[in-house]
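See below for the structure under consideration.
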Amino acid sequence: MSYHKKNLKEKLVEVAWNICVAESWEKVNMREVAKKAKVSNTAFYRHLKNKTDLKAELMRKGFKILNEGMKNINNNFSSYGAHYIRFGLKYPHIYDLMFGNIDFDISLYHDLEALFDEAFDGVIQGVKTFIPDASDKDVMIKAVNIWASVHGLVGILRRSDLQANKDKRLKWIKNNLEEYLKMTTFK
């Protein structure tokens with residue numbers, strides 16, 4: 001099995017990403033990743049210490065995609081929220097990995113922790129535009145409420161996508177996210 005040492009880590013992450021996107025994190029097996037990348041298990045461990053490091057890499061990639069997309073939104077808070085929800089719907093297994101029960105100490109991965117904070121900081125900044133004279137405490141309370149609402153909406157819409165008899169109201173919300181968010185949480 002041959003590989004180019006300088007880009008093997010990226011290749012391993014790409015293979016794991018594709019498995020996680022298509023199936024779930026639970027289906028990511030380090031041996032299978034090495035096999036699909038056409039390298040030995042030993043080569044895998046030269047670039048990633050363990051499965052936790054691989055998980056952190058996938059989360060990092062997910063946050064970069066999420067945060068980059070948010071930067072392209074021009075001061076439209078409902079579009080910011082809609083982008084966040086669409087990310088959760090497009091990459092459900094990556095989203096779960098990023099925001100689900102993280103079973104490792106994220107503080108050991110400082111850049112990953114910073115990427116997580118960047119996503120939430122966007123909510124805080126958006127809230128400040130709507131209530132510029134509010135106290136930091138009031139802004140934080142509203143931001144956490146919006147954060148929870150968006151995460152809840154992702155879960156509800158994902159669950160409705162799995163049902164054969166689709167709820168027309170939920171279908172409307174999914175197809176009109178910006179309008180829905182303007183009417184509710186993001187006003």
> Quick one: what pairs do we get from segment 142-160, first residue farther than 13 Å from ILE173 by Cβ and in contact (Cβ under 8 Å) with a residue 24 or more places away in the chain, second among the β-branched types (Val, Ile, Thr) and surrounded by 14 or more Cβ atoms within 10 Å (Cβ to Cβ), C-beta under 9 Å, 6+ apart or different chains?
Replying inline: ASN145/THR185; ILE146/VAL123; ILE146/VAL127; ILE146/THR185; TRP147/VAL123
> In the list LYS35, LYS51, LYS71, which residue meets the criterion of being surrounded by 15 or more Cβ atoms within 10 Å (Cβ to Cβ), over 26 Å from ASN101 (Cβ atoms) and not aliphatic (A, V, I, L, M)?
Replying inline: LYS35
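Restricting segment 31-86 to residues that are of a type in the set (A, V, I, L, M) and not in a helix (DSSP H, G or I), which is nearest to THR184 (Cα to Cα)? It would help to see each step written out before you state the result.
Going residue by residue through segment 31-86, those that are of a type in the set (A, V, I, L, M) are 33-34, 37, 39, 43, 48, 54, 56, 58-59, 65-66, 70, 73, 82, 85.
Now restrict to residues that are not in a helix (DSSP H, G or I): 37, 39, 48, 73.
On the way: ALA37: 46, VAL39: 50, LEU48: 44, ILE73: 19 Å.
Ranking the candidates gives ILE73 first.
Which one of ALA134, ALA148 is more than 13 Å from GLY81 (Cα to Cα), assigned by TED's automatic domain parsing to the domain that holds ASN76 and among the small types (Gly, Ala, Ser)? Before the answer, list the steps.
Working: ALA148 fails: more than 13 Å from GLY81 (Cα to Cα).
ALA134 is the lone residue from the list that is more than 13 Å from GLY81 (Cα to Cα), assigned by TED's automatic domain parsing to the domain that holds ASN76 and among the small types (Gly, Ala, Ser).
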> Which residues, taken from segment 99-112, are under 22 Å from LYS142 (Cα atoms) and at pLDDT 90 or above?
Replying inline: PHE99
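Here's the yes/no breakdown for (1) of a type in the set (A, V, I, L, M); (2) in contact with a Leu (Cβ under 7 Å, 6 or more places away or on another chain):
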{"residue": "LYS49", "(1), (2)": "no, no"}
{"residue": "THR52", "(1), (2)": "no, no"}
{"residue": "ALA56", "(1), (2)": "yes, yes"}
{"residue": "GLU68", "(1), (2)": "no, no"}
{"residue": "GLY81", "(1), (2)": "no, yes"}
{"residue": "PHE87", "(1), (2)": "no, yes"}
{"residue": "LYS90", "(1), (2)": "no, no"}
{"residue": "MET98", "(1), (2)": "yes, no"}
{"residue": "ASN101", "(1), (2)": "no, no"}
> Here are some conditions: (1) outside the structural domain of GLU179 (by TED's automatic domain parsing); (2) buried (at least 19 other Cβ atoms within 10 Å of the Cβ). GLU23 meets all but one. Which one does it not meet?
Replying inline: (2)
> Is it the case that some residue within segment 25-33 is under 21 Å from GLU113 (Cα atoms) and under 24 Å from the mean Cα position of the chain (by Cα)?
Replying inline: yes
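Do we have GLU57 as within 30 Å of GLN125 (Cβ to Cβ), at pLDDT 90 or above, under 16 Å from the mean Cα position of the chain (by Cα) and not hydrophobic (A, V, I, L, M, F, W, C) here? Explain how you work it out, then say what you get.
Details: within 30 Å of GLN125 (Cβ to Cβ): yes; at pLDDT 90 or above: yes; under 16 Å from the mean Cα position of the chain (by Cα): yes; not hydrophobic (A, V, I, L, M, F, W, C): yes.
Yes; evaluated as a whole, the condition is true for this residue.
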> Take the residues of segment 99-121 that are under 11 Å from ALA56 (Cβ atoms) and acidic (Asp, Glu): which is nearest to the chain's Cα centre (by Cα)?
Replying inline: GLU113
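The values are calculated or read from the model by the stated rules, or taken from the named source; none is laboratory data. Values in this document were obtained by computation on a predicted structure and should not be read as measured data. As a convention, Cβ positions derive from the backbone with ideal geometry for all residues, glycine included, and neighbour counts pool all protein chains shown.
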